[in-house]
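Report on the following structure.
The values are calculated or read from the model by the stated rules, or taken from the named source; none is laboratory data. Keep in mind that this is a model prediction, so the values were computed, not measured. Don't worry about glycine lacking a Cβ; one is built from the backbone with ideal geometry, like all the others, and counts go over all protein chains shown.
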Amino acid sequence: MSAFDRIGQRLLFSFDPETAHGLSIKALRCGLPVASAPPRDARLKVSVCGLDFPNPLGMAAGYDKNAEVPDALLGLSFGFAEVGTITPLPQPGNPKPRIFRLTADEAVINRLGFNNEGHGAAERRLAARKGRPGIVGVNIGANKDSADRVRDYERGVTRFAPYASYLTVNISSPNTPGLRNMQAREQLGELLSRVMAARAAVSAQPPVFLKIAPDLIEAELEDIAAEVIDNKVDGVIVSNTTLARAGLRSAGLAGEAGGLSGKPLFERSTIALAKMRKLLGANIAIIGVGGVDSAETALEKIRAGADLVQLYTGMIYGGPALPGRIVAGMARFVDRERLQSIRELRDTANERWAAKPLN
């Protein structure tokens, strides 16, 4: 981490996490921090679902909830940015405090609960950037008090298909009561059937990804994979935050309710990713998320079976220059290994990761 990043981190860490997050969004809106030009290396380009990504590193959903700064994020060297989660109606989320830094673990616990300004506000911002370069995904969710959550996802598809490079169906947050139940096979089958029908009914038809939790057993992964294949979903994002707390050093905060993200999630999420790759086969796209904080962890996700990777919590601890460092590290790796494309790395450690138990 550079001296500039360390100073910025100390400043932001002097505020509570949610205030710091808001300040970082405001800074990006104002053109800060000023990042060097994103590294460009043809060997890092990845084509997935008809989209040409300049590099495989993306910003995960949860940071830019209201589609305020996707272009500023792309300027930090990300190959793509995912905004949201966005629900049809605005909602405040859960009571504060609801974000906790576990500094000793380089982790975060959040129980935000899909706090966002709703479809209308995000649509206005995305419509205003239409035609600009860069891959921007839109992560859609359901309102907490919705009478028909599947209908909320259908509405998200219809609303954002004209503006999204891809859509993510998020049913894996632990902070909306009952949401993860939609991963059960019967409910998931109905959800995916209706979502894909909604996409087929609009003129713009971006790829659809399903975002799943890491807290699943193998039989549940098998059911999810079967429904993804049956409904011709384009890809899966593995994974959201975890409810597990094993091995944390931040004992005083480990008991806080919510989803855990950051370094402790790497192992669990990578095992789930590798197992999902074996279940889905070679042709369905997977985005690997969870504990990515370096070129090494990003590359290991690809070895385990990911086409693309995302981070969020890693940047809280690594600073805004982290994406550039990771992309530069990837470029050095492909150069050192004399690869023609980073794609050659995919699945090279899949068997090793998939053989590990989910615990």
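The sole residue among Asp307, Asp234, Asp293 that is touching a Cys at 6+ places or on another chain (Cβ under 8 Å), closer than 21 Å to Glu82 by Cβ, in contact (Cβ under 8 Å) with a residue 12 or more places away in the chain and buried (at least 18 other Cβ atoms within 10 Å of the Cβ) is Asp234.
Tell me whether the stretch 100-112 contains one or more residues that are over 30 Å from Arg249 (Cβ atoms) and of a type in the set (S, T, N, Q). No - not one qualifying residue is present in the stretch 100-112. When Lys278, Lys263 are screened for being of a type outside the set (A, V, I, L, M) and either within 30 Å of Ser14 (Cβ to Cβ) or under 15 Å from the mean Cα position of the chain (by Cα) (or both), only Lys263 passes. Give the residues of the stretch 204-213 that are at pLDDT 95 or above and either more than 16 Å from Val138 (Cβ to Cβ) or buried (at least 17 other Cβ atoms within 10 Å of the Cβ) (or both), sorted by residue number. The answer is Pro206, Pro207, Val208, Phe209, Leu210, Lys211, Ile212.
Identify all residues within the stretch 17-68 that are modelled with pLDDT under 95, assigned to a loop (DSSP other than H, G, I, E, B) and among the hydrophobic types (A, V, I, L, M, F, W, C); write none if there are none. Cys30, Leu32, Val34, Ala35, Ala37, listed by residue number. Candidates in the stretch 310-341 are the residues that are in contact with an Asp or Glu (Cβ under 8 Å, 6 or more places away or on another chain) and hydroxyl-bearing (Ser, Thr, Tyr); of these, the one that is surrounded by the fewest Cβ atoms within 10 Å (Cβ to Cβ) is Tyr317. Within the stretch 59-82, residues that are free of Cβ contacts under 8 Å to residues at least 60 places away in the same chain sit with their Cβ atoms under 8 Å from residues that are surrounded by fewer than 24 Cβ atoms within 10 Å (Cβ to Cβ) and among the small types (Gly, Ala, Ser), at 6+ positions apart or across chains, in these pairs: Asn66/Ala121; Ala72/Gly31; Gly75/Ala35; Ala81/Gly134.
The residue of the stretch 75-96 that is surrounded by the fewest Cβ atoms within 10 Å (Cβ to Cβ), among those that are among the polar types (S, T, N, Q) and in contact with a Gly (Cβ under 6 Å, 6 or more places away or on another chain), is Asn94.
Give the residues of the stretch 295-317 that are more than 15 Å from Leu345 (Cβ to Cβ) and over 10 Å from the mean Cα position of the chain (by Cα), sorted by residue number. Passing the criteria: Thr313, Gly314, Met315, Ile316, Tyr317.
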